[in-house]
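First the structure, in the form of structure tokens, and then the observations on it.
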Amino acid sequence: AVVSSQSSGSSGINAEYGGSSCKYLSKNFEKVFLGKQCKALTQQGLCYLIRSAERYGDSPTVTYDQLAGDLPNISHLGELSCKHAVKCYKQIAKAVKKCMRSNDNFIEELFGNAQILYRVKAQDIVNEFIANHQNTLFGELANLAVANFRSINDVKAFFAEYVDRDLEAQVSSDAQVAAREVQKLAHQWCKSGCSQDSTDFLQELFGNMHGGQCVDAAQFCGACQENANRHFKSGGQQIPCCLDDILQKGIAAYDYVSAAYGARIDEWVGLVSQELSDEANAKAAEFAAEVNRQSACIADAYDEHNPDCSSR
């Protein structure tokens, strides 16, 4: 019933705000997004979002024990993605290509329709968030975004001013390489059955981490790290090599982005910082420091307990 009402609502929204851009997509919205190749992913994805809201919505903190209990659901979504994601993508891509062939302005009109949809369905919610979070970091960031990006033309103007042709070409090239690498990793993940192996490992790890002073999954340093170290040293299941491959690729990607784009990112952060209050900048610095602290603790634990996968 939930999926049915959601699909009907989505179809109505598409017909009202997107139909003029592509008649094919307007007439076949449910066939494309809820048809044979995408139906299971859409249904289970919506179900997971709803159940997650119920599971975590009223919790002041999320514990590692809660995360451990949720892992089978995530694993199920991973297995569904292995079966259907590529076919679903091709089904949607085929429809989009039809739209682009029938309407040279399809992409531009699509963004315009998204802008209308935002104003009708989400703008009041965003404005309420800003009003309720005045003088806070996230409130100021939301207000800054709303003030500077009111239309697709504002986005284009930003890129025209701050993204030169060399940077655009580099990003485009890197994105293509990254897409191929992600496709390769996804194939290896699915072929090796890594969803279940990773679920078994993380359930055991999170279950052993929970307890004592480790009561908040937002924190790893301190008690949670000590519990994790105890888990590994007492013979607990080690990181599966298929999961370690993903972690290693992620680390390499982070290092590359930092080296290739770090200076430009710092420049953009500086532009944003100039528009924020002293209080918001202080909060941003505090938040960044905490993220770096937690990341360092995770890196220390990983370096100490990463698996030896050389014999594979």
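Restricting to segment 53-76, and then to whatever is of a type in the set (D, E, K, R) and surrounded by 14 or more Cβ atoms within 10 Å (Cβ to Cβ), can you tell me which residue is nearest to PHE220 (Cα to Cα)?
The first filter runs over segment 53-76 and keeps only residues of a type in the set (D, E, K, R), leaving 54-55, 58, 65, 70.
When the remaining residues are screened for being surrounded by 14 or more Cβ atoms within 10 Å (Cβ to Cβ), the result is 55, 65, 70.
Values: ARG55: 21, ASP65: 14, ASP70: 19 Å.
That would be ASP65.
Under the condition of being part of a helix (DSSP H, G or I), touching a Ser or Thr at 6+ places or on another chain (Cβ under 8 Å) and of a type outside the set (Gly, Ala, Ser), which residue from segment 191-220 is surrounded by the most Cβ atoms within 10 Å (Cβ to Cβ)?
Looking at residues that are part of a helix (DSSP H, G or I), touching a Ser or Thr at 6+ places or on another chain (Cβ under 8 Å) and of a type outside the set (Gly, Ala, Ser), I get THR199.
Is it the case that SER173 is open to solvent by less than 70 Å² (accessible area, probe 1.4 Å) and touching an Asp or Glu at 6+ places or on another chain (Cβ under 6 Å)?
Working: open to solvent by less than 70 Å² (accessible area, probe 1.4 Å): yes; touching an Asp or Glu at 6+ places or on another chain (Cβ under 6 Å): no.
Answer is no for this residue.
From the set of residues in segment 140-154 that are under 23 Å from the mean Cα position of the chain (by Cα) and touching a residue at least 24 places away in the same chain (Cβ under 8 Å), which is most open to solvent (accessible area, probe 1.4 Å)?
Only one residue tops the list, namely LEU141.
Just give me the residues in segment 110-127 being β-branched (Val, Ile, Thr) and under 23 Å from the mean Cα position of the chain (by Cα), in sequence order. Can you show your working first?
Initial filter on segment 110-127 (β-branched (Val, Ile, Thr)): 116, 120, 125-126.
Across segment 110-127, the qualifying residues are ILE125, VAL126.
Going by the structure shown, is GLN274 part of a helix (DSSP H, G or I) and modelled with pLDDT of 95 or more? Before the answer, list the steps.
Numbers: part of a helix (DSSP H, G or I): yes; modelled with pLDDT of 95 or more: no.
Considered against the rule, which asks whether it is part of a helix (DSSP H, G or I) and modelled with pLDDT of 95 or more, GLN274 comes out as no.
If only one of LEU243, LEU247 is hydrophobic (A, V, I, L, M, F, W, C), open to solvent by less than 60 Å² (accessible area, probe 1.4 Å), more than 26 Å from LEU144 (Cβ to Cβ) and assigned to a helix (DSSP H, G or I), which one is it? Full working, then the answer.
Numbers: LEU247 fails: open to solvent by less than 60 Å² (accessible area, probe 1.4 Å).
Unique residue meeting the criteria: LEU243.
The values are calculated or read from the model by the stated rules, or taken from the named source; none is laboratory data. Nothing here was measured: the structure is a model prediction, and the numbers come from that model. Cβ sites come from the backbone with ideal geometry, for glycine too, and all protein chains shown count toward neighbours. All accessible areas refer to the heavy atoms of the entire protein, side chains included, with ligands and DNA or RNA removed. Shrake-Rupley method; radii C 1.70, N 1.55, O 1.52, S 1.80 Å.
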